[in-house]
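Notes follow the structure.
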Amino acid sequence: MTAALPFPHWLSQALPEPGAWPVWTVRSVHLLHLTGADSLRFLHGQTTQDLSSVPPGCLRRSCAVTATARPVALLDVLADKHAARLVVLAGDGPALHQRFDRHLFPADQVTLLPMVQAQQVTVLGDAAPALLAAEGITMAPPGAGWCSVAEGNHQALVLRGTDFGDGVPGLRLLLPDPHPLPPWLRHIPRLTGIQAELLRLQQGTPAWPSEINDAFNPFELGLAGAVALNKGCYLGQEVLARLLTYDGVKQQLRLWRSSTALGNLPEDNVLRDGGGARAGVVTSRSALATGSVGLAVVRRAWLGASTLRLGQGAVSLSLPGAAQFPASTNPSSEPPPLEAHP
């Protein structure tokens, strides 16, 4: 890429120079595989995305939730002919596998295969498709969301997009674990773990267990894009529908920044206003060269606030880059929106 992505200054300072992109990062993910004619129908009832008529090669981001609409996992669903794969982007993969196993009935034409661990290599930047194409790795057909490719002597999966949100373009390569990383990766910069975490925080991608837990729902975490509102009955659907119908989403995810060094922040995660009222809770925190940054879930009465207090210090608030919240059914009750990138 030749131009900087629209990142705020504090993040641009922490990432490689724009001329060095594309860049890459790698992490382990759990991969679930279902086969059989009822695979997508089963997942349609167990996750928040509409999977009733998706064609093979389609990729849909979704959530697995409890009956009370608390998130269990953030997922990418890879639709196939009479089959589906699930990439667990955030969540307890073994627990999700056990849950699906408990919910399968003998009459279901579904086989839940053993869960495997994979390496997810993410190549970030507009030039990612050209870089992979130069190595003989292309998406086929071109409009697909995922496909299987040969990588050395093994089969790998190519996935369109990244798990940092739509604001960070790129492609992903799912490789067996263990498996040597492709040698061509040595020619492009690799993000450090800290850089990848700062990018996650700025985009507002929920992680497990800090945000993906039983304290919040997908709408509060900015995951409205992973929830289909008109797909019919599924686990947690009644609660999510009621939240929208009765304007029941009472808090939202926010990015916070502080000039206080990470080690000097209080252990207490409660955010308060100037009068001492509880306004939210910090869920993630990380160090910056000039302070600290993280995510928090802020109560609706303070969503228009530009600053709150964490201990004795002030933190500034902004919208995460990739968060998607449902439109309020009572817009007049909402405070004015914040700038996305102050």
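Kindly indicate whether any position in the range 28-42 is within 15 Å of the chain's Cα centre (by Cα) and of a type in the set (D, E, K, R).
No, every residue in the range 28-42 fails to be within 15 Å of the chain's Cα centre (by Cα) and of a type in the set (D, E, K, R).
Looking at the range 32-83 only, could you name the residues that are surrounded by fewer than 23 Cβ atoms within 10 Å (Cβ to Cβ) and β-branched (Val, Ile, Thr)?
Those that are surrounded by fewer than 23 Cβ atoms within 10 Å (Cβ to Cβ) and β-branched (Val, Ile, Thr): THR35, VAL54, THR66, THR68.
So that you can scan it fast, the table gives a plain yes or no per residue for (1) in contact with a Ser or Thr (Cβ under 9 Å, 6 or more places away or on another chain); (2) at pLDDT below 95; (3) under 24 Å from ALA127 (Cα atoms):
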residue	(1), (2), (3)
THR2	no, yes, yes
PRO8	yes, yes, yes
SER12	no, yes, yes
PRO16	no, yes, yes
TRP21	yes, yes, yes
VAL26	yes, no, yes
GLY36	yes, no, no
LEU40	yes, no, no
LEU43	yes, no, no
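Could you say whether any residue in the range 150-159 is in contact (Cβ under 8 Å) with a residue 24 or more places away in the chain, part of a strand (DSSP E or B) and loosely packed, with under 15 Cβ neighbours inside 10 Å?
Yes.
Report yes if GLY311 is in the same structural domain as PHE216 (by TED's automatic domain parsing) and on the phi > 0 side of the Ramachandran plot, otherwise no.
Answer is yes for this residue.
Hey, does the range 254-274 have a residue that's touching a helix residue (DSSP H, G or I) at 6+ places or on another chain (Cβ under 8 Å) and among the small types (Gly, Ala, Ser)?
no
Mind checking which residues of the range 236-276 are of a type in the set (D, E, K, R) and at pLDDT 90 or above?
Hits for the range 236-276 are GLU238, ARG242, LYS250, ARG254, ARG257, GLU267, ASP268, ARG272, ASP273.
Six or more apart or on different chains, Cβ atoms under 8 Å: show the pairs whose first residue is in the range 88-105 and under 16 Å from SER28 (Cα atoms) and of a type in the set (Val, Ile, Thr) and whose second is assigned to a strand (DSSP E or B) and modelled with pLDDT of 95 or more.
VAL88/VAL29; VAL88/HIS30; VAL88/LEU31; VAL88/LEU32; VAL88/ALA73; VAL88/LEU74; VAL88/LEU75
Condition (residue is without any contact (Cβ under 8 Å) to a residue 24 or more places away in the chain, assigned to a helix (DSSP H, G or I), more than 30 Å from GLN98 (Cα to Cα) and assigned by TED's automatic domain parsing to the domain that holds LEU31) applied to the range 122-131: is it met by at least one residue?
Looking for residues that are without any contact (Cβ under 8 Å) to a residue 24 or more places away in the chain, assigned to a helix (DSSP H, G or I), more than 30 Å from GLN98 (Cα to Cα) and assigned by TED's automatic domain parsing to the domain that holds LEU31, one finds at least one in the range 122-131, hence yes.
Against the definition (assigned by TED's automatic domain parsing to the domain that holds GLY136, touching a residue at least 60 places away in the same chain (Cβ under 8 Å), on the phi < 0 side of the Ramachandran plot and touching a strand residue (DSSP E or B) at 6+ places or on another chain (Cβ under 6 Å)), how does LEU181 come out, yes or no?
So LEU181 fails the test.
Given SER306, SER286, which one is under 23 Å from LEU15 (Cβ atoms), at pLDDT 95 or above and not assigned by TED's automatic domain parsing to the domain that holds GLY165?
SER286
Kindly indicate which of LEU175, LEU199 is in contact with a Phe, Trp or Tyr (Cβ under 6 Å, 6 or more places away or on another chain) and either buried (at least 16 other Cβ atoms within 10 Å of the Cβ) or among the polar types (S, T, N, Q) (or both).
Going through LEU175, LEU199 in turn, just one is in contact with a Phe, Trp or Tyr (Cβ under 6 Å, 6 or more places away or on another chain) and either buried (at least 16 other Cβ atoms within 10 Å of the Cβ) or among the polar types (S, T, N, Q) (or both): LEU199.
Wholly within the range 1-116, which helices (runs of 4 or more DSSP H) include no fewer than the required count, namely at least 3 residues that are closer than 21 Å to VAL227 by Cβ?
39-46, 93-103
Considering only strands (runs of 3 or more DSSP E) fully contained in the range 211-312, which possess at least 1 residues that are within 24 Å of ALA196 (Cα to Cα) and not aliphatic (A, V, I, L, M)?
The qualifying strands (runs of 3 or more DSSP E) are 251-258, 278-288, 291-299.
The values are calculated or read from the model by the stated rules, or taken from the named source; none is laboratory data. What you see is a predicted model, and the numbers here were worked out from it, not measured in a lab. Cβ sites come from the backbone with ideal geometry, for glycine too, and all protein chains shown count toward neighbours.
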